[in-house]
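The values are calculated or read from the model by the stated rules, or taken from the named source; none is laboratory data. Source: prediction; values computed, not measured. Cβ coordinates were reconstructed from backbone atoms using ideal geometry, including for glycine residues, and neighbour counts include every protein chain displayed.
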Amino acid sequence: MIDRKVSNGFSKRRFAPAGVLVNIGPPKGAIERIDLRLDDRDIPLSRNNWFLETAIEKLRCDAVGGTHGKE
């Protein structure tokens, strides 16, 4: 795995692992719904970052035993 320097807001730098590329193919309807949500944001967010945020949120919810919208 390749490490790259990432700024943490201070003069010192920490090393962070490089990301792993993953191709996904969501249905067109899902992309349209995601884009509508992204268009409504006050602060712009890329579709890619939305997927990352959503995946991390799901992992955190699962880690604490949450249902993440399922009953």
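Here are the numbers:
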read-out: Residue that is at pLDDT below 75 and surrounded by fewer than 10 Cβ atoms within 10 Å (Cβ to Cβ), where the choices are G29, G9; value: G9
read-out: Those residues of region 32-68 which are surrounded by fewer than 10 Cβ atoms within 10 Å (Cβ to Cβ) and not in a helix (DSSP H, G or I), in sequence order; value: D40, R41, D42, I43, P44, S46, V64, G65, T67
